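Written below as structure tokens is the structure these notes are about.
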Amino acid sequence: MRKPLLAGNWKMNKTIDESVALVSELAEKVKGVDDREILVCPTYPALKPVADAIAGTNIMLGAQNIFWEEKGAYTGEVSGPMLKAAGCKYVIIGHSERRQYFGETDETVNKRVKAALKYRLLPIICVGETLEEREKDVTKKVVETQLKGGINGLTTDELLLTTIAYEPVWAIGTGKTASPEQAEEVHAFIRGLLPAEVKDTVRILYGGSMNPGNVKELMAKEDIDGGLIGGASLKAEDFAAIVKY
Ligand code: PEP
């Protein structure tokens, strides 16, 4: 049985004070929920203050990226030990915005995934097709290439620590959600690509305009094990409603 994971990707939103206020309000609203995992991924400056604010609650902390080196002359990057020390348990890797605006490739995604695992952070690897790719009917080919590139060289034990997020790019921040059937088709396809020893254990999250109104029918699908939520995770009330779908 896979425990659902509801993960809020706050992207480049909220100051430190706003982040602490948001997570404190969320903590009140999701108190006592223990049959699913709740994760928030704030900006780097807010990581430690949010970690302090969620101490003793059922909310976990994640980062939005990780660099593969441990330290050194890599201006603007943040390493695994730094994220670990800030209180992170998870890290999002290969989000489509990273691929689109910051030149992330399957190869760099793979390096970041390996770095996360090296420093005992749980990677959430994002894959997903653009609208153009869906219209050209190459969704499965794109997702397969991204998935295989992202998990290349991982051992069975490492794969068991990994979460995949299927995020159709055309559904991110657009208000357009993949229908539960469209999402399930790709989720089942992704599960089928995973090695037999891990495929029933690895969680596959859906991401793309998930909201309190559509979460229930998405989560009813067999291969959808949670959500990676952007916009709706920025309002405590909405994110709490998603968590308690
Ligand atoms: C995301 O950024 O991962 C995402 C799914 O965003 P939104 O929920 O806003 O579509």
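Every read-out reported here was derived from the displayed coordinates using simple, explicitly stated rules and does not represent laboratory data. In this text, all values refer to a predicted model and were calculated from it rather than measured experimentally. Cβ atoms come from the backbone with ideal geometry, glycine included; neighbour counts cover every protein chain shown.
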Long-range amide H partners of residue 226 with built H, under 5 Å: 5, 206
In terms of modelled amide H atoms, which long-range or inter-chain residues lie less than 5 Å from the amide H of residue 203? 164
Order of 101, 166, 206, 245 from fewest to most other C-beta atoms within 10 Å? 101, 245, 166, 206
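To the nearest 20 debye, what charge dipole does the range 150-245 have about its Cα centre, counting +1 at the Cβ of each Lys and Arg and -1 at the Cβ of each Asp and Glu?
Values: 8 positive and 14 negative charges, 61 e Å.
Charge dipole of the range 150-245: 300 debye, to the nearest 20.
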Grab the beta carbon distance between residue 200 and residue 89, set R0 = 22 Å, and tell me the FRET efficiency rounded to 0.05. 0.45
Going from the alpha-carbon gyration tensor of the range 1-63, what semi-axes, largest first and in whole Å, does one get by taking the root of 5 times each eigenvalue? 20, 13, 9
Using a simple charge model, +1 on the beta-carbon of Lys and Arg, -1 on the beta-carbon of Asp and Glu, nothing else, what dipole does the chain show about its Cα centre, in debye to the nearest 20? 440 debye
Over all Cα pairs of the chain, how is the pair count split among 10 Å bins, expressed in % and running from 0 up to the last occupied bin? 8, 34, 39, 18, 1
Counting every Cα pair in the range 65-209, what percent are over 26 Å apart? 23 percent
Just order 44-55, 63-74 by mean Cβ neighbour count inside 10 Å, highest at the front, would you? 44-55, 63-74
Name the residue farthest towards the positive end of the dipole of the chain from the options 228, 142, 82, assuming +1 on Cβ of Lys and Arg, -1 on Cβ of Asp and Glu, about the Cα centre. 82
Given 0.36 nm per residue, what is the gain on full extension from residue 44 to residue 155 after removing their alpha carbon distance, in nm? 37.0 nm
Counting only residues 5 or more apart in sequence or on a different chain, those whose built amide H sits under 5 Å from that of residue 104 are 99
When the Karplus curve 6.51 cos²θ - 1.76 cosθ + 1.60 is applied with θ = phi - 60°, which whole-Hz ³J(HN,Hα) does each residue of the range 225-230 get, with x for Gly and Pro? 10, x, x, 10, 10, x
Spin-label model distance (nm) - residue 148 vs residue 100, 7 Å beyond Cα toward Cβ: 2.6 nm
Once phi for every residue in the range 148-159 is put through the Karplus expression 6.51 cos²θ - 1.76 cosθ + 1.60 (θ = phi - 60°), the whole-Hz ³J(HN,Hα) values, with Gly and Pro written as x, are 4, x, x, 9, 3, x, 7, 7, 4, 4, 5, 4
Can you run phi through the Karplus equation (6.51, -1.76, 1.60; θ = phi - 60°) for the range 183-189 and list ³J(HN,Hα) in whole Hz, with x for Gly and Pro? 5, 4, 4, 6, 4, 5, 5
